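Chemist: I have a structure here, written as structure tokens, and I will follow up with some questions on it.
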Amino acid sequence: MTYDVLKLLHLLGLVLLLGNVTVTSVWKLYADATRDPRVIAFAQRLVTVTDWFFTFWGIVLLVVGGYGAAWVAGMDVLRDDWIVWSEALFALAGVLWLCVLVPIQMRQSRLARTFAPGRPIPPEYWRLGRAWIACGLLATVPLVAATWVMLRKGW
């Protein structure tokens, strides 16, 4: 593959990842605001589905395209400062996502299955929801920062 194709894959991955992270948070907030157990349970299910379809494949494209483009261009991913900083920021976001957000999301999904038929929503769901949004915003900051570093130096 040529450098341009790999760079395109990298950018498509970024769009999928950041787009899903942003949109998912917004429509989950709106779903939670309805206080309707059925709507919330459906939205919570879609958080998991879209993570697999968009976030996961966005990460795959981002990594494959980025490292592929760097390799084709003869860049050193362990020595070029702007790449190293981007990798570190991306890794930080990934750790927050895997170690904090995914467990919260899984717990909320299990809770949502219990109230999906219209049962009352337990207080734990709301507590976890606040934590998910706060940690999600925190995990998005290094992604945006990595994007800024890449745009400032990589173009």
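Chemist: Can you tell me which residue within the stretch 2-41, out of those that are of a type in the set (Ser, Thr, Tyr) and more than 21 Å from the chain's Cα centre (by Cα), is modelled with the highest pLDDT?
Modeler: Per the criteria, the residue is Thr34.
Chemist: Next up: Asp76 versus (1) of a type in the set (Asp, Glu); (2) assigned to a helix (DSSP H, G or I); (3) farther than 19 Å from Arg113 by Cα: which is the lone unmet condition?
Modeler: The one condition Asp76 does not meet is (2).
Chemist: Further question: Is at least one residue of the stretch 141-152 out of contact with any Leu (no Cβ under 6 Å at 6 or more places or on another chain), within 22 Å of Thr22 (Cβ to Cβ) and among the charged types (D, E, K, R)?
Modeler: Within the stretch 141-152, one or more residues are out of contact with any Leu (no Cβ under 6 Å at 6 or more places or on another chain), within 22 Å of Thr22 (Cβ to Cβ) and among the charged types (D, E, K, R).
Chemist: Evaluate the following for Ala91: is it loosely packed, with under 13 Cβ neighbours inside 10 Å, assigned to a helix (DSSP H, G or I) and within 16 Å of the chain's Cα centre (by Cα)?
Modeler: It is true that Ala91 is loosely packed, with under 13 Cβ neighbours inside 10 Å, assigned to a helix (DSSP H, G or I) and within 16 Å of the chain's Cα centre (by Cα).
Chemist: Which numbered condition trips up Met75, out of (1) aliphatic (A, V, I, L, M); (2) surrounded by 14 or more Cβ atoms within 10 Å (Cβ to Cβ); (3) modelled with pLDDT of 95 or more?
Modeler: (3)
Chemist: Consider Gly68 against the criteria (1) closer than 18 Å to Gly94 by Cα; (2) surrounded by 14 or more Cβ atoms within 10 Å (Cβ to Cβ); (3) of a type outside the set (A, V, I, L, M): it satisfies all of them except one. Which criterion is unmet?
Modeler: Result: Gly68 passes all but (1).
Chemist: For the stretch 35-49, name all the residues that are surrounded by fewer than 18 Cβ atoms within 10 Å (Cβ to Cβ), in a helix (DSSP H, G or I) and either among the charged types (D, E, K, R) or touching a helix residue (DSSP H, G or I) at 6+ places or on another chain (Cβ under 7 Å) (or both).
Modeler: Selection gives Arg38, Val39, Arg45, Thr48.
The values are calculated or read from the model by the stated rules, or taken from the named source; none is laboratory data. Nothing here was measured: the structure is a model prediction, and the numbers come from that model. Here Cβ is always computed from backbone atoms with ideal geometry, including for glycine, and neighbour counts include all displayed protein chains.
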